[in-house]
Amino acid sequence: MEIKDISQNGKRLFKVEDQEKPWNTSGSLKEIGKEKIDSLKEEVKEIEELVENREKLSKELFREADKVKMEINNFLAETHPVDIEGIRDKVTLKQKQVEISELQLKEKISCWQDIAKLKQELRECKKELAGREGRLDMLGKILED
């Protein structure tokens, strides 16, 4: 097929056949999007580690808080206040136990929120990764045909 420019008195400008060059598919098709896919896989791995570390941190905080509450209970069980000052100290320690329990509840909620955000980010990242891998597979199938 030839394209002629009618303003140049019918001279041939170029041949379409000369413009078509085959794609170089000799290289690995996997290399096309490999860098971004590897980056997404690394991001997925990091987010999963963040979720795991957040859960570990929360469990550690609960263990420490329970340990402090148990020490307060043991101390309160061992002491028997006889004066007003001793009773005030006992009440203060009981209040500290309540405060620690409140902190544990806040930590439980905070941990849940943090993990929910991380898992949302993880889902988005996995979705993007699956989409890229799917497009790469589709492109590979198209080029194989």
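Taking the Cβ-Cβ separation of I84 and K106 as r and a Förster radius of 41 Å, what is the calculated FRET efficiency to the nearest 0.05? Working shown, then result.
Working: r = 33 Å, r/R0 = 0.80.
E(calc), rounded to 0.05, equals 0.80.
Please tell me which of these pairs span more than 21 angstrom C-alpha to C-alpha: K45/K119; K59/K127; K34/K126; K45/K117; K56/K127?
Working: K45/K119 12 Å; K59/K127 30 Å; K34/K126 15 Å; K45/K117 15 Å; K56/K127 26 Å.
Violating the 21 Å Cα-Cα cut-off are K59/K127; K56/K127.
So if each residue of separation counts as 0.36 nm, and I subtract the Cα-Cα distance between K34 and N74, what length gain in nm does that give?
Contour length minus the Cα-Cα distance gives 8.4 nm.
So, R0 is 25 Å and r is the distance between the beta-carbons of T92 and E64; what FRET efficiency does that work out to, to 0.05?
On the way: r = 20 Å, r/R0 = 0.80.
Efficiency, rounded to the nearest 0.05: 0.80.
No value in this document is a laboratory result; all are computed from the given coordinates. Note that the structure is a prediction, hence the values are computed from the model and not measured. Here Cβ is always computed from backbone atoms with ideal geometry, including for glycine, and neighbour counts include all displayed protein chains.
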